1. I need 110, 67 ordered by Cβ neighbour count within 10 Å, fewest first.
2. If N is the number of residues in the chain, what value comes out of its Cα radius of gyration divided by 2.2 N^0.38 Å?
3. Can you tell me the length gained on complete extension of the stretch residue 96 to residue 9, counting 0.36 nm per residue apart and subtracting the Cα distance?
4. The chain: longest stretch without exposed chymotrypsin sites (Phe, Trp or Tyr not before Pro) (DSSP loop, at most 16 other Cβ within 10 Å), sites themselves excluded?
5. Compute the relative contact order of the range 8-82 as a whole-number percentage, counting only Cα pairs closer than 8 Å that sit 6 or more residues apart in sequence.
6. Loop by DSSP (not H, G, I, E, B), at most 14 other beta-carbon atoms within 10 Å: where is the longest site-free stretch of the chain for trypsin sites (Lys or Arg not before Pro)?
7. Please work out how much length the chain gains when fully extended from residue 25 to residue 45, using 0.36 nm per residue of separation minus the C-alpha to C-alpha distance, in nm with one decimal.
8. Return the long-range amide H neighbours of residue 100 (sequence gap of 5 or more, or a different chain), with a cut-off of under 5 Å between placed amide H atoms.
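Derivation of every value follows stated rules applied to the coordinates shown; laboratory data play no part. Owing to the predicted nature of the structure, the values given are computational and were not obtained by experimental measurement. Note that we place each Cβ from the backbone using ideal geometry, even for glycine, and neighbour counts take in every protein chain shown.
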Amino acid sequence: MDWLGTPPLAFLLFTLPFMGFAAFMTGQAVAMGWKPARLAALYALLLTLADRFLAFALFGGELLSASGLGIAYLALGGIALASWRLTHVARMIGQYPWLYERDGAWRYRSRG
């Protein structure tokens, strides 16, 4: 609990599934609107702050744990950015099939 700032079970059963799902959907929404990845990272920071408050209010975690904020942001930010990238690649290929083709799950390349 020292470096997470919350009980480990709360992190595994609340932060990762529930807030992780919110981060995944946030990344998708940002990419669907053709917005830059830095906006997904900013929204992930806001989700992290909400997560820390809920962990404090519901599970008795530390509200201002710097390491807990950092770990939660790495997890939620990573999920949001991965979701943004996967959705962005799918949108580029779907929107411009004559220009781009898939080059793996994370990349696309120019045709020709």
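1. On the way: 110 9, 67 12.
The fewest-first ordering by Cβ neighbours comes to 110, 67.
2. On the way: Rg = 16.6 Å, N = 112, 2.2 N^0.38 = 13.2 Å.
Normalised Rg, Cα atoms only: 1.26.
3. On the way: separation 87, 0.36 × 87 = 31.32 nm, distance 4.42 nm.
Separation in residues times 0.36 nm, less the Cα-Cα distance, equals 26.9 nm.
4. Numbers: sites that count: 3, 34, 98, 106.
Longest gap between qualifying sites, sites excluded: 35-97.
5. After rounding, I find 43 percent.
6. Values: sites that count: 107, 111.
Answer from the scan: 1-106.
7. Working: separation 20, 0.36 × 20 = 7.20 nm, distance 1.43 nm.
The span from residue 25 to residue 45 would gain 5.8 nm if fully extended.
8. 111
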